[in-house]
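> This is the structure I want to talk about, given as C-alpha cells.
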Amino acid sequence: MAEKYEGKTRYQDKNIADGYDDRRFVGSKGKWTHKREKECLEKMLEVVPKGEKILELPCGTGRLTEFLLQIGYKVTAADISDEMMEHAKNKTESFGSNVTFEKADIEKLKYKDNTFSAIAVIRLLHHIPTSLHSKVLGELHRVTKKWVVITYSNKCTFQNIRRNIVAMYTKEPRYSISKKQFMDEVAQAGFRAVEYLPILPFISEEVFVLLEKE
Ligand SMILES: C[S@@+](CC[C@H](N)C(=O)[O-])C[C@H]1O[C@@H](n2cnc3c(N)ncnc32)[C@H](O)[C@@H]1O
C-alpha cells in the first residue's frame, strides 16, 4: 500500500505549488542552482540518444521538463501533484505531442516493465522515508530499459549539516543519507552507479548519479 509522508502531500497545496519556482530558483544562488542542475542532467544523459522518450518523475513545475524538451528528448512528465503539474503544462505548451503528462506515485508505477530509455528523478529521494527507498528504486529498475538519472541528498556536506540545525526548529523532515548508504541501496536494487556528480562538492548536499540497470 502507498504511504503518506510530508514531501508527498506538501506539494499538493496550490500555494506551495504556485510559489515553488520563485522560492528556489530566483536570485543569484537560485539561478546558479537551476543552471548547474541543467548542466549535470545533460551531462548524465549523454548516454541516451536525442529523440528517445524519457520519463521525468517528478516533473514538479516543469523547469527541467522544458529543458529536456529543448535539448531534443520526448518526455512523459509525471508527478503526484496536479497543482505542480499545472505549472509544468503551461511552461511546455509549445512542445505539443513531444510531452505528455500523467499523475503517478513513484512507489507504484502503472508502466509496463522496460518502458522508458531513461528516467530522471530529480529532487525527490530526500523527501521519501529511507524505509521506502528500496521499493522506489525497485520500481525504477522495473520500468527503465537501462538508465536512471537520480539525485540524492548527501548528509556529509556543509549544506546538510546547516540544514539539520535549522530542522531542529522547523521539524521539516529530510531523508539525507551517506554516499555509502546510497551506493548500497542502488546496488541492492540491481543498479550500477556509473557516474557521480555533486553539484558543488563538499558544500551542496545535492548529488547527481547515473545508474545503469545490471
Ligand atoms: C522538490 S519537488 C521537485 C520537482 C522537480 N523534479 C524539480 O527538480 O524541480 C518534489 C516533487 O515530488 C513530487 N512527489 C512527492 N512524492 C511523490 C511520489 N510519491 N510520487 C510522485 N511524485 C512525488 C511532489 O509533488 C513535487 O512535485
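> In the stretch 76-98, which residues are more than 21 Å from Y20 (Cα to Cα) and either touching a Cys at 6+ places or on another chain (Cβ under 8 Å) or of a type outside the set (S, T, Y) (or both)?
Those that are more than 21 Å from Y20 (Cα to Cα) and either touching a Cys at 6+ places or on another chain (Cβ under 8 Å) or of a type outside the set (S, T, Y) (or both): F95, G96, N98.
> Provide a single number: the residues in the stretch 57-77 that are near the ligand (Cβ under 7 Å from one of its atoms) and out of contact with any His (no Cβ under 6 Å at 6 or more places or on another chain). Steps first, answer last, please.
First, the residues of the stretch 57-77 that are near the ligand (Cβ under 7 Å from one of its atoms): 57-61, 63-64.
Those still in the list that are out of contact with any His (no Cβ under 6 Å at 6 or more places or on another chain) too: 57-60, 63-64.
Residues that pass the stated criteria total 6.
> Additional query: Identify all residues within the stretch 115-129 that are more than 14 Å from the ligand (Cβ to nearest atom) and either under 22 Å from E6 (Cβ atoms) or among the hydroxyl-bearing types (S, T, Y) (or both); write none if there are none. Can you show your working first?
Going through the stretch 115-129, the residues more than 14 Å from the ligand (Cβ to nearest atom) turn out to be 115-118.
Those that are more than 14 Å from the ligand (Cβ to nearest atom) and either under 22 Å from E6 (Cβ atoms) or among the hydroxyl-bearing types (S, T, Y) (or both): T115, S117.
> Collect the residues in the stretch 134-164 that are closer than 22 Å to E214 by Cβ and within 12 Å of the ligand (Cβ to nearest atom), keeping them in residue-number order.
To start, the set of residues in the stretch 134-164 that are closer than 22 Å to E214 by Cβ comprises 134-152.
If the condition is that a residue be closer than 22 Å to E214 by Cβ and within 12 Å of the ligand (Cβ to nearest atom), then K135, V136, E139, L140, V149, I150, T151 are the ones that fit.
> H87 fails exactly one of the following numbered conditions: (1) crowded, with 16+ Cβ neighbours inside 10 Å; (2) under 13 Å from L55 (Cα atoms). What is the number of that condition?
(2)
> Are any residues in the stretch 102-137 over 28 Å from R163 (Cβ atoms) and out of contact with any Asp or Glu (no Cβ under 8 Å at 6 or more places or on another chain), and if so, which ones?
Across the stretch 102-137, the qualifying residues are E102, K110, Y111, K112, D113, N114, T115, F116.
> What number of residues within the stretch 8-55 satisfy the criterion of being surrounded by fewer than 15 Cβ atoms within 10 Å (Cβ to Cβ) and outside any helix (DSSP H, G or I)?
5
> Taking into account only those residues within the stretch 7-37 that are among the small types (G, A, S) and touching a residue at least 40 places away in the same chain (Cβ under 8 Å), which is farthest from the ligand (Cβ to nearest atom)? Explain how you work it out, then say what you get.
Applying the first criterion (among the small types (G, A, S)) to the stretch 7-37 yields 7, 17, 19, 27-28, 30.
Right, trim to touching a residue at least 40 places away in the same chain (Cβ under 8 Å) and you get 7, 17.
Working: G7: 5, A17: 8 Å.
The residue in question is A17.
Taken together, the values in this text are just the output of simple stated rules run on the coordinates, not laboratory data. Being a predicted model, the structure only gives us computed values, none of them experimental. For neighbour counting, all protein chains shown are included, and Cβ atoms are generated from backbone atoms with ideal geometry for every residue, glycine included.
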